[in-house]
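The values are calculated or read from the model by the stated rules, or taken from the named source; none is laboratory data. Quantities reported herein were computed from a predicted structural model and do not represent experimental measurements. Positions of Cβ are backbone-derived with ideal geometry, glycine not excepted, and every protein chain shown enters the neighbour counts. When the accessible area is computed, the model is the full protein with side chains, heavy atoms only, and any ligands, DNA or RNA have been set aside. Shrake-Rupley method; radii C 1.70, N 1.55, O 1.52, S 1.80 Å.
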Amino acid sequence: MTQRERINSGLPGMDDVLDHLRIGDNVVLQVDNITDYEAFVLPFVKESLDKGRKVIYMRFARHYPIIENEDNVTIYHIDAEHGFETFSTQVHQIIGTEGREAFYVFDCLSDLLYSWATDLMIGNFFQITCPYLFELDTVAYFAIYKNMNSYETISAIRETTQVLLNIYNVRGQTYLHPVKVIDRYSPTMYLPHIKQGQEFIPLTSSSDASKLFADMSLNVFDASRRHLDYWDRMFLKASDAYEKIRYGHNPSNEEKKLVEKLCRSILSRDENLLELLTVMFSLEDLLQIKSNLIGSGFIGGKAVGMLLARKILQQEKGSPFKKILEPHDSFYVGSDVFYTYLVKNGLWKMRMAQRKPDNDHYFSLARELKSRMLDGVFPENTKNHLIRVLEYFGQSPIIVRSSSLLEDGFGNSFAGKYESVFCTNQGTLEHRYQEFESAIKRVYASTMSEEALMYRLKRGLAEQDEQMALLIQRVSGSYRQNYFFPDLAGVGYSNNIYVWDKKMSPRAGMLRLVLGLGTRAVNRTAGDYARIVALDNPMSMPPTGHHKVIKYYQKNIDALLLCDHSISHPLKSEVTESPVSDDGIERYSTDNSIVSVSFNEVVTSSNDKILPYFAQKVPGDASPADESSIALASDGSISWVVDLDQFLSTSSFSGVLQKMLKTLEKAYAYPVDIEFTVNFKDKEDYQINLLQCRTLPAKGLKSKVEFPRYIDFQKTLFQSNHSFMGGNIQYGIQRVIFVDSVMYSRLDKQDRYKVARCIGKLNSMIIKEKMAVFLLGPGRWGTSSPELGVPVAFSEINNITVLGEFALEESGFSPEVSYGTHFFQDLIENDIFYAALFEGKGGIFQPELLDQYDNKLAEILPDDALLAHVVRVYDFGPEIKPSSTALEIIADVGKQKTVCFFKS
């Protein structure tokens, strides 16, 4: 091995003890105070500058500056309060910019505990930074305070660094005690050395060494607690304080200070949210969260939203929510566990390379990272905690839900961007753990999905600290034979921007309800429909454009199939083999997984007394009230569909949900949306499990608009009454991208995907602020089933201004006004106006009016010219202003009318 270049430390005696420093050395000093560190740093800085070396000072701690008034030292001020990822990224960018053979002085690493509240992340930071410095032939000084960091953190630093020194200051004497020095050795190197003048003399006598350590005031209590992370010690102190407060020994303002500190450590850094959190959560609440937390760090936005909403409802005076809310016993995996997983599996360097949005490898590196994250290994300590969670839940089904730091925050919902994975939790503990661990890895890997990356990029979040915490919940529901599902599930909105009747108020709110697992409520599901409920008129249904109303009821449910692999379930023939949601999320159809199953078969085979409450029988001669006729369903004479009419017309449910949504909206001072399940003992005895709550982007009605006094019918491209959402608009349309339904229906599956990619290319060329584009196509945009529409990813239509879906019944294309789904959330956040185009009932659709204009596709995308008979691109004007274009669209929510027309 080539010997590394010797470097002087500025202290000749220390150079003699260590046989000098070497290029690549990371030098860690364990000190009692910053003055002792300074005594070793300043000579090193002076020596280095005298030799013409480039010296960098990384300034981030609360202690006084070690280097001041030195013009030749480059000082970088880094804010550790922004979190581990941002801090580490900035440090790595500085190191990369400064290049090879730079010399570094870092502030005391122990000071990071005040910002990060955990030793674990200090160890992680050192383990990713030290090798990078070594690789660039630097020399770097670090300090840690004695008796402040956990043994595990010291061990991680010891394993990674090249030089570890203990510095003692006893009775006015300074001692140097090398603990680790790689690539050099002497018989006395690892003895304590006393400083005498410029020399460090080894204590070769056992009596001298014994006297030194006897004189050192070791704090035995602190030493015993150092088996714990600083994080655990912080909560132990909080627990001790809580006991004193309980019995009146500590003043109440002590609790307030502790609540503020713990909220900032475990719940959120968001100042807007912290104001509400510190009011709603008590010290007892926070200690309870800690007791169910694996690892350290934040529990993430989704978990905070769920817990905060529950606290708001439970503290509402005179409310029924304490009785109605189903208790929860959730666990949390702290955000620090995610970063530790990346560090321990050697993925951090790739993560740093991928992180820059202007990087050519932003997406390609993400794909590689995603693959490697699925194959990583958890530390044994983490595994043991996860096993204890499984032991707690027994064989109850659980769900691992994403709960990132940015998720469900103000203005950033990340709806559907990260995965949530059900675990049926059946079989042996070993099998259940493998399923559980795999689910966690899938959620972690989803941070590198293209949809998530595009979302962060589009919203300016690509370089923000985005740690992935996890929310682990017991699946809400009950067993029906080998199926497990809740009676009802849904999403609720305190504001309803999709009102389809002039008598409805947007302020009343709305629900999207399904029977079974809530996957059908948040996804557009192929061939099936959720029930949309306007809370001020629950029995009214959105217009469908034709009379085939039964088609728009729910007929299948999502459920967990819980059975032994060796047993064939009696209903398995009715389980859809490849159930796929209409937003591209596959549902698994093997044993012990999510299945899509006929509601008709479930209700007739289970003899359940509650399920018929939500449904009606069609068609057939049997009376809906005659429950004895249910058994006839197996011969095909009767089918059940989920309409929820009886439930909505006789239950208090709509009023309770409306009050719940308005209570949350008032507390947040912002519109909200929630996810929930409902389980019944009988028709009026039900409990609501509140799973999620987040703020809803408030687009409002926008500006007032006016229709022209006269619009020529022969120049009207479309007119839609009721079936639109996105507020009041008045745009001059510069470009129409039109997918011809007849031509599209003649394509094979492969060519339909080519159409989707072509749309994506056109979308990537749009600068939304400069061009208003109307995208119009058959059936459902974003479906994963090409027979139902164009299978684009949302990132392939996110620059569109107006999105239109139209029906072609003979080909099976039919729009779905997807209010309440993740797809809908994307439309809202990207400010995309949506219209479903139905002919009849005042609806007009005349696409033939476009034929008089030239199709520009071949000119814009020569490589896709062969698709010009399917995809047509028409340009109408240079500016968004209505007066500048030939085509205009106007929508008025109050009048429930939208018209797109050519101007004379």
Checklist line | Förster-model FRET efficiency, 25 Å R0, Asn607 and Gln395, C-beta, rounded to 0.05 | finding: 0.55
Next item on the list: Report P(r) for the range 40-94: all Cα-Cα distances, bin width 10 Å, range 0 to the bin holding the largest distance, values in whole percent.
Entry: 21, 47, 28, 4
Item checked: Net charge, Met504 excluded, C-beta distance under 14 Å - Lys, Arg +1, Asp, Glu -1 -> +2
Next item on the list: Would you please state which residues of the range 469-506 a label at Gln288 would reach in this model, taking the label point 7 Å out along Cα→Cβ and a backbone N cut-off of under 16 Å?
Entry: 474
Notebook entry, point to check: Once the Cβ-Cβ distance between Lys356 and Glu787 is put in as r, and R0 is 41 Å, what FRET efficiency do you end up with, to the nearest 0.05?
Noted result: 0.55
Note to self: If I ignore ligands, DNA and RNA and count only protein heavy atoms, how much of Arg735 is accessible to a 1.4 Å probe, in Å² to the nearest 10?
What the structure shows: 30 Å²
Next item on the list: Please give the FRET efficiency for His431 paired with Glu260, using the beta carbon to beta carbon distance and R0 = 41 Å, rounded to the nearest 0.05.
Entry: 0.40
Notebook entry, point to check: Phe713: accessible area at probe 1.4 Å, nearest 10 Å²?
Noted result: 110 Å²
Item checked: Integer Hz, Karplus 6.51/-1.76/1.60 couplings in order for the range 338-349, x for Gly and Pro -> 4, 5, 4, 4, 5, 5, 5, 9, x, 9, 5, 4
Note to self: Checking a compactness column here: for the range 1-143, what do you get for Rg(Cα) / (2.2 N^0.38 Å), N being the number of residues?
What the structure shows: 1.00
Notebook entry, point to check: Between Rg and the Kirkwood Rh of the range 662-782, both from Cα atoms, what is the Rg to Rh ratio?
Noted result: 1.09
Item checked: Where only C-alpha atoms are counted, convex hull volume of the range 310-401 per residue in Å³ -> 164 Å³
Checklist line | Under the Karplus curve 6.51 cos²θ - 1.76 cosθ + 1.60, θ = phi - 60°, whole-Hz ³J(HN,Hα) for the range 325-337, x wherever Gly or Pro sits | finding: 5, 6, x, 10, 9, 6, 10, 9, 10, x, 5, 5, 5
Check: Can you pull the Kirkwood radius for the range 263-373, inverse mean 1/r over Cα pairs, to one decimal in Å?
Finding: 16.5 Å
Next item on the list: Could you name the lysines whose alpha carbon sits less than 23 Å from that of Lys662, not counting residues in the same chain fewer than 8 places away?
Entry: Lys302, Lys311, Lys317, Lys322, Lys323, Lys502, Lys503, Lys699, Lys702
Check: Once you put a point 7 Å from the Cα of Arg507 and another 7 Å from the Cα of Gln196, both along the Cβ direction, what distance in nm separates them?
Finding: 8.7 nm
Note to self: What figure, in Å² to the nearest 10, do you get for the accessible area of Met504 with a 1.4 Å probe and non-protein molecules left out?
What the structure shows: 20 Å²
Checklist line | Computed magnitude of the charge dipole of the range 228-369 (debye, nearest 20; Cβ of K, R +1, Cβ of D, E -1) | finding: 80 debye
Next item on the list: Compute the Rg to Rh ratio over the range 722-801 from the alpha carbon atoms, using the Kirkwood formula for Rh, and round to two decimal places.
Entry: 0.98
